[in-house]
Amino acid sequence: MTTAIIEVEVTSSFPAETVFKVFNNFHTIAPKVNPQVFKSIETIEGDEGVGTIRLFTFGDDVPFKSGKFKQDVIDASTFTYNYTFFEGDNLMGILDSINHHVKIVPSADGGCIFKQTVIYNCKGDEKPSAEVLNFEKELYEKTYKAIEAYAVGHPESY
């Protein structure tokens, strides 16, 4: 089995604790701030902790309709969370799964760095094209910035 990997890093002036808290609400915030990408995200099983399964319905700006993911890790002490897409047309017919590993690293200046590694686990030798990988990397960066802007506008929540 082959893999393709993209890395996303975004610097933030927010403390790691705040960014972690905001991104734990990704499923409610993303459809509000980026509905052309995330039409809806619904919890279909679980209590929002490890093992929770969510269904993403993608918007018109994405060439996919849907994908299901399972929350693998949520660790507030290390500001990490991991999840795996295991079903849906976002697997493009060539992937077994897509693993997302997110770590929010505190910075000396009181801010943090949002780091996301996305691993595309291919069924065979065919990998997502460079165009698809670049599109997704840009999408993750734009989504991060939109969610951070939402947090700025709603400081009472975070």
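Just so it is clear, none of the values below were taken in a lab; they were calculated from the coordinates. Nothing here was measured: the structure is a model prediction, and the numbers come from that model. Ideal geometry is used to build each Cβ from the backbone, glycine not excepted, and the neighbour counts take in all protein chains shown.
Odds and ends about this structure:
- Alpha carbon Rg of the chain, scaled by the compact-globule rule 2.2 N^0.38 Å: 1.01
- When the listed pairs K21/K115; K32/K70; K103/K137 are checked against a 18 Å cut-off, the alpha-carbon distance exceeds it for K32/K70.
- When only the Cβ of Lys, Arg, Asp and Glu is charged (+1, +1, -1, -1), the dipole of the chain relative to its Cα centre reaches about 100 debye.
- In order through segment 32-40: 3J(HN,Hα) via Karplus (6.51 cos²θ - 1.76 cosθ + 1.60), integer Hz, x for Gly, Pro: 6, 8, 8, x, 6, 10, 10, 5, 7
- Cα-based convex hull, segment 93-158, per residue volume (Å³, whole number): 118 Å³
- Structure-based [θ]222 nm, the chain - -39500 (n - 2.57) summed over DSSP H runs of at least 4, per residue, nearest 500: -8000 deg cm²/dmol
- In the chain, excluding the sites themselves, the longest stretch lacking any of the trypsin sites (Lys or Arg not before Pro) that are in a DSSP loop with at most 14 other Cβ atoms within 10 Å is 1-64.
- Loop-exposed GluC sites (Glu not before Pro) per DSSP, neighbour cap 14 Cβ within 10 angstrom, longest uninterrupted part of the chain: 49-125
- Taking Cβ atoms as reference points and 12 Å as the exclusive limit, the residues near P63 contribute a net charge of -4, counting Lys and Arg as +1 and Asp and Glu as -1.
- Calculated on the alpha-carbon coordinates, the convex hull of segment 1-55 measures out at 155 cubic angstrom per residue.
- Relative contact order of segment 41-144, pairs being alpha-carbon contacts under 8 Å that are 6 or more residues apart, as %: 15 percent
- Extension gain (nm, one decimal) between D75 and A149, 0.36 nm per residue minus Cα-Cα: 24.3 nm
- Rough spin-label spacing in nm, given labels placed 7 Å along Cα→Cβ, for S107 and E138: 2.4 nm
- Note on S66 and A130: the model spin-label points, each 7 Å out from Cα along the C-beta direction, lie 3.5 nm apart.
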